[in-house]
Amino acid sequence: MEREMEWWISMPKVELHAHLNGSIRDSTLLEFAKALGEKGVILFSDVEHVIRKNDRSLNEVFKLFDLIHIITTDHTKVTRITKEVVEDFASENVIYLELRTTPKRNDSIGMSKRSYMEAVVKGLRAVDAVDVNFAPHYLGEGNPLKFGPVSDICNGTTKRKIFVRLLLSIDRRETTADAMETVKLALEMRDQGVVGIDLSGNPTVGDWMTFLPALKFAREQGLSITLHCGEVPNPKEIQAMLEFLPERVGHACFFKEDHWENAKSSKIPVEICLTSNIRTGSISSMDVHHFGDLYHAKHPLILCTDDSGIFSTSLSGEYILAASSFGLGKKEMVELGRNAIEFIFADDETKRVLREAFDSAAERWS
Ligand code: 6MZ
C-alpha cells in the first residue's frame, strides 16, 4: 500500500488550480492562530474548532476564507505560506505549479496589492528545499535552474526542481476598479512569473460582468484567463462566460447540455477539482462527476487540488481518486498528467522542457 502511494507521489505532475490561502498547512494555520489568540486578536479555541472541521458547505468554505485571511494577511506570513506551499507541491513531484492568489490591500498594516504580491515573490525566492524557476527570463542559455533528466528530479539524489508561475485572482466581491488594479499589477509583474488572471470568490456573490472590462483589458495585453464557471447553478452566467472564450474554466459542476456542447465545440479545457466538488456538495458523488464523461469524450481536462489545505487533499490523492473512481490505469493517468502541459499558461519552451521530463519518466517506468 505504501509502495503504491509512493508510485503516485513519484509520478511527475502539473498543478493548474491551487489557491494560495487554500493550500496552507494546517499546522502553520494553527500556529498563526495560536499567536493571534495569545495577543487577544481572536479566540483560539473557537478558531481551532473551525480549522479542524472537515466537511463544509460552499458557503462555510467562504466564511473560513474570511477567517484565514484575518490570520494570514501580513507580509511575513504571506511569504512563509508561499514558501511552504511551493515546497509541499514539489515534495510530491509537482514539476509545474500555477499558483493563484488574490492581491490584497490592508491599509491598517500598510499593505497594498503590490506589496502583497512582493511578499508572495519573496516566498518563492525563499524556497531552499527545492530549486524554483519562477521568472520566464531565467529560461535563457546557461540557466542553472533548467531541468536535468527527470531521474534527477525524482530519485531524490539531487534537489527537486519546480517551475512556478502566478495567476492573480479577482475576488467576486471586488469592484471594476479593484479588478483593473489587479490586472495592471499582473502586467507589471510579468517578468516575475505572472502569466494570467483568475476570477474566483464566492460564486453566489456579485456579477461577473463587473469584471468584464478588466478581463478584456487583460486579454488585449496578452494575459491568459481562467474563470471559475458553473460552481453553482447560474445558466446565464455560464453561457456568457463560455462566449467570452476563456483559456480555461474551473469546476463546471452545473453545466447543462447546451453549455457542454458549447464548451466542447470551443475545446475549453476544464480544471477538475474532485475532492473540492464532493466536499462542498457541488457534486453529489463521484459516479455522477462530469470527469467521467469528459474523459471518455477526450475533452481537455486537468486534475487539480483547488484548496489542498482546506480539503485535506494532495495532487497525488486526486490522481488516485480519479483512477480508482473511474477505473483508469497508471498508463492512462500518466497520459492525463502529460496532457495537462498543453494547457499551461507558460511559454512553449517551458512546455517543451516539461514534455521531456514526462517522457523520460515514462521511459524509466517501462
Ligand atoms: C471559488 C475560491 C474557491 O486568493 O486568498 N477560492 N473561489 N471557489 C472555490 N472553491 C472552493 N477556493 C478558493 O485564496 C483564497 C481565495 O481563493 C478563492 C476565494 O476568493 C478565496 O478567498 P487567496 O490566496
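The values are calculated or read from the model by the stated rules, or taken from the named source; none is laboratory data. Keep in mind that what you see is a predicted model, and the values were worked out from it rather than measured. Glycine gets a Cβ as well: all are built from the backbone with ideal geometry, and neighbour counts include every protein chain shown.
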**OP:** Please name all residue pairs, on different chains or six or more residues apart, with Cβ atoms under 6 Å, provided the first residue is in the range 198-219 and is touching a residue at least 40 places away in the same chain (Cβ under 8 Å) and the second residue is of a type in the set (S, T, N, Q) and crowded, with 20+ Cβ neighbours inside 10 Å.
**Re:** ASP198/SER169; ASP198/THR226; SER200/SER169
Original post:
Taking the range 201-222, which residues are more than 15 Å from the ligand (Cβ to nearest atom) and in contact with a Phe, Trp or Tyr (Cβ under 8 Å, 6 or more places away or on another chain)?
Top reply: LEU212, LEU215
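Among what's in the range 169-200 and is in a helix (DSSP H, G or I), among the small types (Gly, Ala, Ser) and within 16 Å of the ligand (Cβ to nearest atom), pick the residue that is farthest from ASP66 (Cα to Cα).
The first filter runs over the range 169-200 and keeps only residues in a helix (DSSP H, G or I), leaving 176-188, 190-192.
Those still in the list that are among the small types (Gly, Ala, Ser) too: 177, 179, 186.
Subset that is within 16 Å of the ligand (Cβ to nearest atom): 179, 186.
On the way: ALA179: 19, ALA186: 23 Å.
Here the answer is ALA186.
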Original post:
Exactly one of (1) closer than 23 Å to THR182 by Cα; (2) buried (at least 17 other Cβ atoms within 10 Å of the Cβ); (3) of a type outside the set (Phe, Trp, Tyr); (4) within 21 Å of the chain's Cα centre (by Cα) is unmet by VAL132. Its number?
Top reply: (1)
**OP:** Find all pairs meeting these conditions: Cβ atoms under 8 angstrom apart; at least six residues apart or on different chains; first residue within the range 13-39 and of a type in the set (Phe, Trp, Tyr); second residue near the ligand (Cβ under 9 Å from one of its atoms).
**Re:** PHE32/THR72
Original post:
Hey, GLU48 hits all of (1) within 14 Å of the ligand (Cβ to nearest atom); (2) surrounded by fewer than 22 Cβ atoms within 10 Å (Cβ to Cβ) but one; which does it fall short on?
Top reply: (1)
**OP:** Please find, within the range 294-345, the residue that is farthest from the ligand (Cβ to nearest atom) out of those that are under 27 Å from ASP26 (Cβ atoms) and among the acidic types (Asp, Glu).
**Re:** GLU318
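Within the range 7-39, take every residue that is of a type in the set (Lys, Arg) and either assigned to a loop (DSSP other than H, G, I, E, B) or in contact with a His (Cβ under 8 Å, 6 or more places away or on another chain) (or both) and give me the one that is modelled with the highest pLDDT. Let's see the steps before the verdict.
First pass over the range 7-39, keeping only residues of a type in the set (Lys, Arg): 13, 25, 34, 39.
In the following step, the residues that additionally are either assigned to a loop (DSSP other than H, G, I, E, B) or in contact with a His (Cβ under 8 Å, 6 or more places away or on another chain) (or both) were identified as 25, 39.
Working: ARG25: 95, LYS39: 91.
My answer is ARG25.
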Subject >> Top-ranked residue of the range 247-271 - restricted to ones that are within 13 Å of GLY230 (Cα to Cα) and in contact (Cβ under 8 Å) with a residue 40 or more places away in the chain, ranked as nearest to the ligand (Cβ to nearest atom) >> reply: GLY250
Original post:
What pairs can you find where one residue is in the range 53-69 and under 17 Å from VAL205 (Cβ atoms), the other is charged (D, E, K, R) and assigned to a loop (DSSP other than H, G, I, E, B), and their Cβ atoms are less than 7 Å apart, with a gap of 6+ or different chains?
Top reply: LEU64/ARG56
Subject >> Within the range 224-246, considering residues that are surrounded by fewer than 20 Cβ atoms within 10 Å (Cβ to Cβ) and of a type in the set (D, E, K, R), the one farthest from the ligand (Cβ to nearest atom) >> reply: GLU243
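Return the residues of the range 1-59 that are small (Gly, Ala, Ser) and more than 23 Å from the chain's Cα centre (by Cα); say none if nothing qualifies.
Within the range 1-59, the subset small (Gly, Ala, Ser) is 10, 18, 22-23, 27, 33, 35, 37, 40, 45, 57.
Answer for the range 1-59, where residues must be small (Gly, Ala, Ser) and more than 23 Å from the chain's Cα centre (by Cα): ALA33, ALA35, GLY37, GLY40, SER45.
If I filter the range 71-94 for residues that are charged (D, E, K, R) and closer than 23 Å to THR226 by Cβ, do I get at least one hit?
Looking only at the range 71-94, we keep the residues that are charged (D, E, K, R), and these are 74, 77, 80, 83-84, 87-88, 92.
From the residues that got through so far, the ones that are closer than 23 Å to THR226 by Cβ too are 88, 92.
The answer is yes; a qualifying residue exists.
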Subject >> Among residues of the range 299-348, those that are buried (at least 18 other Cβ atoms within 10 Å of the Cβ), aromatic (Phe, Trp, Tyr) and under 22 Å from GLU4 (Cβ atoms), counted >> reply: 2
**OP:** Taking ILE320 as meeting all but one of (1) modelled with pLDDT under 95; (2) touching a Phe, Trp or Tyr at 6+ places or on another chain (Cβ under 7 Å), write down the number of the exception.
**Re:** (1)
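Please find, among SER266, SER360, SER285, the residue that is among the polar types (S, T, N, Q) and either under 19 Å from the mean Cα position of the chain (by Cα) or surrounded by 13 or more Cβ atoms within 10 Å (Cβ to Cβ) (or both). Talk me through it step by step, then tell me what you get.
Working: SER266 fails: either under 19 Å from the mean Cα position of the chain (by Cα) or surrounded by 13 or more Cβ atoms within 10 Å (Cβ to Cβ) (or both); SER285 fails: either under 19 Å from the mean Cα position of the chain (by Cα) or surrounded by 13 or more Cβ atoms within 10 Å (Cβ to Cβ) (or both).
Only one candidate passes the filter, namely SER360.
Can you tell me which residues in the range 234-277 are in a helix (DSSP H, G or I) and within 28 Å of SER308 (Cβ to Cβ)?
Initially, the range 234-277 is screened for residues in a helix (DSSP H, G or I), giving 235-243, 257-266, 274-277.
Passing the criteria: GLU237, ILE238, MET241, LEU242, HIS259, TRP260, ALA263, LEU274, THR275, SER276, ASN277.
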**OP:** Among residues belonging to the range 1-42 that are more than 16 Å from the ligand (Cβ to nearest atom) and touching a Ser or Thr at 6+ places or on another chain (Cβ under 6 Å), point out the one that is nearest to GLU84 (Cα to Cα).
**Re:** ILE9
Original post:
Which members of the range 292-348 meet the condition of being among the polar types (S, T, N, Q) and in a loop (DSSP other than H, G, I, E, B)?
Top reply: THR305, SER308, SER312, THR313, SER314
